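Enquirer: Before I ask anything, here is the structure I am working with.
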Amino acid sequence: MNSYRGDKRRNTYKKKSGKSKAGNKSGSGKWSGKGILKNRYVLISIAVLIILTIILGVRSCLTGGEYHVDVDASQPELDVQLLDVNPYSRPGISTDNITGVVVHYTANPGSSAQDNRDYFNGLQYSQATQASSNFIVGLEGEIIQCVPTWEVAYASNERNSDTVSIEVCHPDESGKFTQESYSSLVQLTAWLCVKFGLTEDDVIRHYDVTGKNCPKYFVEDEDAWAEFKENVRKAIDKTQ
Ligand SMILES: [Zn+2]
């Protein structure tokens, strides 16, 4: 908009000075022809500006995030359903100093936070494997806490004892999170960062620990991962 105004002003100035010149020389006919030509340039410039604005707008929509996030780092609502202490999902071991937050996806499309929590708790009976997570973010953005943050959960292999883990539910095989899950994940992660004196740089993927394709969406799309961490930073900044 500024450059448009500038052009207009310049044009008016030239017109004024042109008038006196035209009067002195060969009449106004020649001059008005030039004026039309200049008007065309102005119109073309405006058209180019409009097209550029549209292109940039569309680009920012595509790269500026598919998710709308408007959260701070305050404590999100937590549905605390601690697992029974048992060797398969809640060993009852105290963590060391927390130095990171690890993000996971459930790899079980369509399953709810409650399904996953109940699966973890059921491992004490099925004894199928050792697995759990401190938190699970559900498809509607609900958050279930399964293991206290000062206790080890079985999620992130060798980083189990110095990190807090978050499993995130996802509707389909792509591993992409719903808007509600994403928003809750940003707030939960930001809150944990503030709680443990961490920054967005201390937030990692399961992939960063073991190379596992987890969380799938953030491993396969590095831009989406960078954008997620940026959203966590913004949420932290809103609170501090
Ligand atoms: Zn994982």
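The values are calculated or read from the model by the stated rules, or taken from the named source; none is laboratory data. Keep in mind it's a predicted model, so treat the numbers as computed, not measured. Neighbour counts are summed over all protein chains in view; Cβ atoms, including those assigned to glycine, are modelled from backbone coordinates with ideal geometry.
Enquirer: Consider the range 64-104. How many of its residues are among the small types (Gly, Ala, Ser), more than 18 Å from Asn116 (Cβ to Cβ) and crowded, with 19+ Cβ neighbours inside 10 Å?
Expert: 2
Enquirer: Return yes when Phe228 is in a helix (DSSP H, G or I) and within 14 Å of the ligand (Cβ to nearest atom) and no when it is not. Please lay out each step first, then the result.
Expert: On the way: in a helix (DSSP H, G or I): yes; within 14 Å of the ligand (Cβ to nearest atom): no.
Considered against the rule, which asks whether it is in a helix (DSSP H, G or I) and within 14 Å of the ligand (Cβ to nearest atom), Phe228 comes out as no.
Enquirer: Condition first: surrounded by fewer than 16 Cβ atoms within 10 Å (Cβ to Cβ) and outside any loop (DSSP other than H, G, I, E, B). Now tell me which residues in the range 159-179 satisfy that.
Expert: Answer for the range 159-179, where residues must be surrounded by fewer than 16 Cβ atoms within 10 Å (Cβ to Cβ) and outside any loop (DSSP other than H, G, I, E, B): just Gln179.
Enquirer: Out of the residues in the range 141-153 that are free of Cβ contacts under 8 Å to residues at least 60 places away in the same chain and farther than 18 Å from Pro215 by Cβ, which is nearest to the ligand (Cβ to nearest atom)?
Expert: Going residue by residue through the range 141-153, those that are free of Cβ contacts under 8 Å to residues at least 60 places away in the same chain are 141, 149-150.
From what is left, the residues that are farther than 18 Å from Pro215 by Cβ are 149-150.
Details: Thr149: 18, Trp150: 21 Å.
Selected residue: Thr149.
Enquirer: Something else about it: Test of understanding: among Gln179, Gln127, which residue is within 15 Å of Leu83 (Cβ to Cβ) and in the same structural domain as Asn97 (by TED's automatic domain parsing)? Break it down stepwise before answering.
Expert: On the way: Gln179 fails: within 15 Å of Leu83 (Cβ to Cβ).
On inspection, the qualifying residue turns out to be Gln127.
Enquirer: Of all residues in the range 101-124, count the ones that are away from the ligand (no atom under 14 Å from the Cβ) and on the phi > 0 side of the Ramachandran plot.
Expert: Residues meeting the conditions: 1.
Enquirer: Of the conditions (1) crowded, with 22+ Cβ neighbours inside 10 Å; (2) more than 14 Å from the ligand (Cβ to nearest atom), Phe196 satisfies every one except a single condition; which number is it?
Expert: (1)
Enquirer: Taking Ser156 as meeting all but one of (1) buried (at least 18 other Cβ atoms within 10 Å of the Cβ); (2) more than 16 Å from the ligand (Cβ to nearest atom); (3) of a type in the set (Gly, Ala, Ser), write down the number of the exception.
Expert: Against the list (1) buried (at least 18 other Cβ atoms within 10 Å of the Cβ); (2) more than 16 Å from the ligand (Cβ to nearest atom); (3) of a type in the set (Gly, Ala, Ser), Ser156 comes up short only on (2).
Enquirer: For Gln187, state whether it is more than 16 Å from the ligand (Cβ to nearest atom), in a helix (DSSP H, G or I) and without any contact (Cβ under 8 Å) to a residue 60 or more places away in the chain. Steps first, please.
Expert: On the way: more than 16 Å from the ligand (Cβ to nearest atom): yes; in a helix (DSSP H, G or I): yes; without any contact (Cβ under 8 Å) to a residue 60 or more places away in the chain: no.
Here the answer is no, as Gln187 does not meet what is asked.
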